[in-house]
Amino acid sequence: MPEKKHWIITASGDRSLRDLKKKLTESGFTVDQELEEIGIITGTADDRIAEKVRLIPGIADVSPDIPVEIGPPDAATW
């Protein structure tokens, strides 16, 4: 079974996020969050599905969601 990863989908603004969510779900993408204000949908899928959803009209970008860790406020930065 292919490994599922977290993805960030950026909408182009040509279609509603509601419509994109429907198309993503139909393609096998599992939607976690819809961030309407900034035109972003987050969720999980394997690499094959991520490639497939890149072709959906209204999708501007599909990028892996890479965790970022920020140390405590008093930590040295270098």
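Counting only other residues whose beta carbon sits under 13 Å from that of His6, what net charge do I get with K and R as +1, D and E as -1?
-3
What does the charge count around Leu24 come to, taking other residues whose C-beta lies under 12 Å from its C-beta (Lys +1, Arg +1, Asp -1, Glu -1)?
+3
I need the phi-derived Karplus couplings for the range 35-52: 6.51 cos²θ - 1.76 cosθ + 1.60, θ = phi - 60°, integer Hz, Gly and Pro marked x.
With coefficients 6.51, -1.76 and 1.60, one gets 10, 3, 4, 10, x, 10, 10, 10, x, 10, 5, 7, 4, 5, 5, 4, 5, 5 Hz.
How large is the convex hull of the C-alpha atoms of the range 5-64 per residue, in Å³?
62 Å³
FYI, it's all coordinate maths here, none of it is from the lab. Not measured: the values here are computed from a predicted model. When we count neighbours, we look across all protein chains shown, and the Cβ atoms used for this are built from the backbone with ideal geometry, even at glycine.
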